[in-house]
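Everything below concerns the one structure shown next.
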Amino acid sequence: MYGFIRVGSALPKCKLADCIYNTEELIQILQQANEKQIQILVFPELSITAYTCGDLFFQHSLLEYAEKGLNDIVKASQNTDVFAVVGIPVVIDNQLFNCAVAIYKGNILGVVPKSYLPNYSEFQEKRWFSPAKQLLSNEIVLCGQKVPVGTDFIFKAEQIPYCKIGIEICEDLWSVIPPSSYQALSGATILLNPSASNELASKYDYRKQLISQQSSRCIAAYVYSSSGVGESTQDMVFSGHGLIYENGTLLKESERFIKETQLIYADVDLELLQNDRMKNTTFSENQYCHTAFREITFSMKPQTNIEELQRIVKPHPFIPENNEYLDKRCQDIFNIQVAGLARRIEHTKAKSVVVGISGGLDSTLALLVSVKACDYLGISAKHVIGITMPGFGTTDRTYQNALSLMEALGIQTREISIQKAALQHFEDIGHDASIHDVTYENTQARERTQILMDIANKENGFVVGTGDLSELALGWATYNGDHMSMYGVNAGVPKTLIRVLVRWIAEYGSLSQKANEILLDVLDTPVSPELLPPDEKGNINQKTEEIVGPYELHDFFLYYVVRFGFSPSKILFLAEYAFKGEYERETLLKWLKNFYHRFFMQQFKRSCMPDGPKVGTISLSPRGDWRMPSDAFNHVWVEEVNKL
């Protein structure tokens, strides 16, 4: 469903060398996984025997009962719809191999031997096992089935697009070039690792970094299952660590040192992975270096009735939820904005920077960036010329906030009303000033831009743009009005993140108490261009989000449209999940349709947008991430929305 597939990591309670007990435990977990609609499941390394059997691996009885246990698991799998990977020692070519066996619906699909055997420090695997490179046969008989054996397998679910599975075992991941790298280059989107990684101080963090990095480099999902506390504690201790990553992002993690069985699972987005692979030319350029793989197909139907998605879908994808990470993200973004503007000031040898100050969020952030850029260059904040330009819709609240903030930050302050100039222009073009249409609004926006540009010329400076990424996506700007500047510092920052940045600066920006109070009031002010007269009480009469829709929805749509190219139906599905209890389906559909309409119709404004720094994963600059013809039709997308 929508490219999602449910994967799981099983962490069974085990008994050392007790194949009978372990088999029963694995079968119970397999059945439980099937009930939870898990489609791909990995057990720990040597899960039927346990990992720390030592010289017992040379005992015929252990090997015999291990195969009997495997046979019981294979039979049990007939009544499930789970692709499972089980660990077992297997005798092949008069050698013993540490193997992962892929099972589906009563069939053994393939046997994968471990490529790299650790034989250092506490590990002695070469005492019992042979590495995969010493394998002579490419086919064996196991549990009465003739099955392929080797490390050159990709397991493909024929009926599920992009579902290709690669398997490596424990130490393989720790090698210089893990086998999963080649598997990914051959198309594997899901990488499984049955492991037995003992615990050491700090090894936990390194293990997570390793899996996260491999998942990211391979643009793949990585499902990891490591042996638990039932292993021998003679010389090592195992914690039972399960991890599920998707392109570097942790989807699910088990608790460690738990005595009982654990089963973790998450829904991996195969469409997301495929989209990133298509866009990442570095990934595709490496495909020539891989060796040939045998593709083993099996028939698995995609899930169509998942009751609840097992992954986090954040309603605000541009904003980290972790406070520590949020602080670092805000610091990085603000520094990128500051460094970009400072470099432009140096390059142009500008004597000033000119910013239009409205008392709203966007101009507030642009002003803060400008002041910090001066500080970064070691010059006075007086190089910043802030201009407030009251018009027909300016309220006392935003007007006072604009003046007070400029004064608190110590910049040059100017006030130039646009009302007389706008009225003169209405007279010149024959427009009735009582008709509050687009001409009435855009005249004011262009008059303000003319003032800013002319003062920048007069003061040997340049205009700093205030418009943000969300406004660019929706085209919510007057062409050649507030749409234009010499450098747009907010061009890469969506509206939801603008709000977070301003609040962060208020908390950590070392500003005066007065400045912080103003910032907090700006945050509490409704977003508005203030181009229509205030209401009878003097309050803002033109609220942007009532006209174009909530910015939190449009930022959500923007993220999934541009970052991953998802279809409208999938974006609606994700939005319903992310905003459950906040917006009805009809409301989401209304604004999604509006998003596609504006996003396509307003591309011409983005085609000639000013320079500005990219700060995150999405940019709409025609010179950067987004190259879209201005006359493209949205028929395909709107048609799909209309059918939802």
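The values are calculated or read from the model by the stated rules, or taken from the named source; none is laboratory data. Remember, it's a predicted structure, so these values are computed and weren't measured experimentally. Methodologically, a virtual Cβ is constructed for each residue, glycine included, from the backbone with ideal geometry; neighbour enumeration extends over all protein chains shown. Note: areas computed on protein heavy atoms with side chains; ligands, DNA, RNA excluded. Shrake-Rupley method; radii C 1.70, N 1.55, O 1.52, S 1.80 Å.
Phi angles of the stretch 444-459 translate, via the Karplus equation with coefficients 6.51, -1.76, 1.60 and θ = phi - 60°, into HN-Hα couplings of 5, 5, 6, 4, 5, 5, 4, 4, 4, 5, 5, 5, 4, 4, 5, 9 Hz per residue; Gly and Pro are given as x. Can you tally the net charge around K36? Count Lys and Arg as +1, Asp and Glu as -1, for every other residue whose Cβ sits under 13 Å from the Cβ of K36. Surrounding charge for K36 is -3. For the stretch 96-173, chymotrypsin sites (Phe, Trp or Tyr not before Pro) are listed when DSSP marks them as loop and at most 16 other Cβ atoms sit within 10 Å of their Cβ; the list is Y120, F123. Of the cross-linked pairs K382/K495; K351/K420; K156/K301; K105/K301, those separated by over 19 Å at the C-alpha level are K382/K495; K351/K420.
For the chain, the solvent-accessible area works out to 43 Å² per residue, with a probe of 1.4 Å and every protein chain left in place.
Between helix 585-601 and the chain there is an angle of about 70 degrees, using the helix long axis and the longest principal axis of the Cα atoms. 3J(HN,Hα) along the stretch 212-219: 4, 5, 5, 4, 5, 4, 8, 6 Hz, from the Karplus curve 6.51 cos²θ - 1.76 cosθ + 1.60 with θ = phi - 60°, whole Hz, x for Gly and Pro. Amide H contacts of V149: V111, E139, I140, each under 5 Å away and 5 or more positions distant or on a separate chain (H built 1.01 Å from N in the peptide plane; Pro and chain starts excluded). Using the Cα gyration tensor of the stretch 456-549, with a ≥ b ≥ c the square roots of its eigenvalues, what is the shape: rounded (a/c below 1.5), prolate (a/b larger than b/c) or oblate (neither)? Because its axes are fairly even, with a/c under 1.5, the stretch 456-549 counts as rounded. Close amide H partners of C53, meaning residues 5 or more places away or on another chain with modelled amide H under 5 Å apart, do not exist here.
Looking at the stretch 415-502, which GluC sites (Glu not before Pro) are DSSP coil and have at most 14 other C-beta atoms within 10 Å of their C-beta?
Values: sites: E415, E427, E441, E447, E459, E471; in loops: E459.
Within the stretch 415-502, no GluC sites (Glu not before Pro) qualify (loop, at most 14 other Cβ atoms within 10 Å).
Taking the longest Cα principal axis of the chain as reference, the axis of helix 551-562 is set at about 50 degrees.
Note that the stretch 534-549 has calculated 3J(HN,Hα) couplings of x, 6, 5, 9, x, 8, 4, 10, 10, 9, 3, 6, 7, 8, 9, x Hz, one per residue in order, obtained from phi through the Karplus relation 6.51 cos²θ - 1.76 cosθ + 1.60 (θ = phi - 60°); glycine and proline are x. Against the main long axis of the alpha-carbon atoms of the chain, helix 495-508 sits at an angle near 80°. Residue ranking by accessible heavy-atom surface, 1.4 Å probe, largest first, among S121, S9 comes out as S121, S9.
In terms of the mean number of neighbouring beta-carbon atoms within 10 Å, the peptides 628-639, 327-338 order highest first as 327-338, 628-639.
Once backbone amide H atoms are built at 1.01 Å from N, V489 has G465 as its partners under 5 Å, excluding neighbours fewer than 5 places away on the same chain. Among (1) 1.09; (2) 0.99; (3) 0.97, find the value of Rg/Rh (Cα atoms, Kirkwood Rh) that was calculated from the structure presented, and write down its label. It is the one labelled (1).
Taking a ≥ b ≥ c as the square roots of the eigenvalues of the alpha-carbon gyration tensor, the stretch 133-179 is classed oblate because a/c is 1.5 or more while a/b is no larger than b/c.
Each Lys and Arg adds +1 at its Cβ and each Asp and Glu adds -1 at its Cβ; summed about the Cα centre, the chain shows a dipole of about 1100 debye. Please go through the stretch 1-45 and write out the GluC sites (Glu not before Pro) that DSSP classes as loop and that have at most 11 other C-beta atoms within 10 Å. Answer in residue order: no site qualifies.
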